[in-house]
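J.: Take a look at the following structure, please.
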Amino acid sequence: MNDLAKGIILFGSALVVVGLVLMLFPKISSFGRLPGDFLIKRENYIFYFPLTTSIVVSILISLILYLIGRFR
């Protein structure tokens, strides 16, 4: 159970760091507007599906987890 607690603390710390980076560098927050992200605006609703952003985030998370597992 000790490893789980350390993992949760590490994950929380990483979220804090990401949040601070996004606050300090607002241009990075335009990351969700990549080509390939779908935005449909109609009279009564707006539909936004960040397909490309989801793929990029998935690749980054996979790479980070691979590197953590490789050097562990």
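The values are calculated or read from the model by the stated rules, or taken from the named source; none is laboratory data. Treat the numbers as computed from the prediction; the structure is a model and nothing was measured. Cβ coordinates were reconstructed from backbone atoms using ideal geometry, including for glycine residues, and neighbour counts include every protein chain displayed. Areas reflect the complete protein model, heavy atoms only, side chains present, ligands, DNA and RNA absent. Shrake-Rupley method; radii C 1.70, N 1.55, O 1.52, S 1.80 Å.
J.: If you roll a 1.4 Å probe over the heavy atoms of the protein chains, what accessible area per residue do you get for the chain, in Å²?
T.: 94 Å²
J.: Moving to a separate point now. Compute the distance in nm between two label points, each set 7 Å from the Cα along the Cα-to-Cβ direction, one at Y48 and one at L22.
T.: Each label point lies 7 Å from its Cα, and together they span 1.1 nm.
J.: Which percent of the Cα-Cα distances in the chain go past 19 Å?
T.: That tail contains 56 percent of the Cα-Cα pairs.
J.: Over the chain, what percent of the accessible surface lies on carbon and sulfur atoms, probe 1.4 Å?
T.: Taking all protein chains in place, the chain shows 73 percent carbon and sulfur surface.
J.: Right, another one. Ordering Y48, Y66 from largest to smallest accessible area (1.4 angstrom probe), what's the sequence?
T.: Y66, Y48
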